[in-house]
Amino acid sequence: MTPKQKAKILREIYGGLMTLEDVRRELGCTKRWAKQWLENHQIFGIRMSEKRVKYDADMVASAIVRDMGVSA
């Protein structure tokens, strides 16, 4: 699977921006681990309000595919 294919899938599901819960679900891990994973991949959140932060689905997709061993 290429990053573009994964990005298309994530955009269809989440509409381009993902919550931490969405990222957690895609990675199959805890919220704490998902937050660390995002930081390790330098994917920074977009503050939507005081409490809501969302992450770019294309960036998440690219990192997921890279972690699977397929070059971006």
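Only one of Leu20, Leu10 is touching a residue at least 24 places away in the same chain (Cβ under 8 Å), more than 18 Å from Gly69 (Cα to Cα) and touching an Asp or Glu at 6+ places or on another chain (Cβ under 9 Å). Can you tell me which?
None of the others qualify; the one that does is Leu10.
Could you say which residue among Ala63, Ala57, Ala34 is of a type in the set (Gly, Ala, Ser) and either at positive phi or touching a residue at least 40 places away in the same chain (Cβ under 8 Å) (or both)? Write out each step before concluding.
Numbers: Ala63 fails: either at positive phi or touching a residue at least 40 places away in the same chain (Cβ under 8 Å) (or both); Ala34 fails: either at positive phi or touching a residue at least 40 places away in the same chain (Cβ under 8 Å) (or both).
Criteria check complete, one pass: Ala57.
Considering only the range 25-70, state which residues are polar (S, T, N, Q) and either open to solvent by less than 100 Å² (accessible area, probe 1.4 Å) or in contact with a Cys (Cβ under 8 Å, 6 or more places away or on another chain) (or both).
Thr30, Gln36, Ser49, Ser62
The values are calculated or read from the model by the stated rules, or taken from the named source; none is laboratory data. Just so we're clear, the structure is a prediction, and the values are computed from it rather than from any experiment. Methodologically, a virtual Cβ is constructed for each residue, glycine included, from the backbone with ideal geometry; neighbour enumeration extends over all protein chains shown. Remember, those area values only see protein heavy atoms, side chains included, never the ligands or the DNA or RNA. Shrake-Rupley method; radii C 1.70, N 1.55, O 1.52, S 1.80 Å.
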